[in-house]
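Rule-based calculations on the coordinates, nothing more; no lab input. All figures in this text were calculated on a predicted structure; none of them were measured in a lab. Here the Cβ is made from the backbone with ideal geometry for all residues, glycine too, and neighbour counts use every protein chain on show.
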Amino acid sequence: MGLNLRRQGETLWDAMTDIDDLLGSSSSGGDDAGQFAIGDAPVEIKVVIGTATLRVRDLLKLGRGAVVELDRHLKDPTDVYVEGVLVARGEVVIVDDKIGVTLSDFVKSSREWKR
């Protein structure tokens, strides 16, 4: 059950088949007005480097310096979610003392996006 990912060099917009994939609707306007309207809408992006499951009693025991082991290896790609939908994979990078993500692969279409 692997994800079907796009090639490097494509943008997120290229990875979508049309505006209906982004909107999640079956209507097609056919003009650029919809692109401009949606282009100004803010979206939440989350990057997940891994997950862990702890029991409440173990969570309550955590203190400063505690390490929580995640389900991924150091070299594994991160998952990039837009509004809770997996849309891409990437690699964590440092840019001017901030954390960023280099996007490497995009999910092919919304039909394959996973919540």
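Structural remarks
- Each 10 Å bin from 0 upward holds the following percent of the Cα-Cα pairs of the range 42-115: 17, 38, 31, 13, 1.
- Between ASP96 and LYS108, the simple label model (points 7 Å from Cα in the Cβ direction) yields a spacing of 3.8 nm.
- Each of VAL85, VAL56, LEU103 was scored by the projection of its Cα onto the charge dipole of the range 41-115, and the greatest displacement toward the positive side belongs to VAL56; charges sit on the C-beta of Lys, Arg, Asp and Glu.
- In this simple spin-label approximation, ILE38 and ARG55 carry label points 7 Å from Cα along the Cα→Cβ vector, and these lie 4.7 nm apart.
- Burial ranking of peptide ranges 74-83, 94-103 (average Cβ count within 10 Å, highest at the top): 74-83, 94-103
- The H on the amide N of ARG72, modeled in the peptide plane, is under 5 Å from the matching H of THR51, each at least 5 residues off or on a different chain.
- Rg and Dmax, both from the Cα atoms of the range 56-96 and both in Å, are 14.6, 38.
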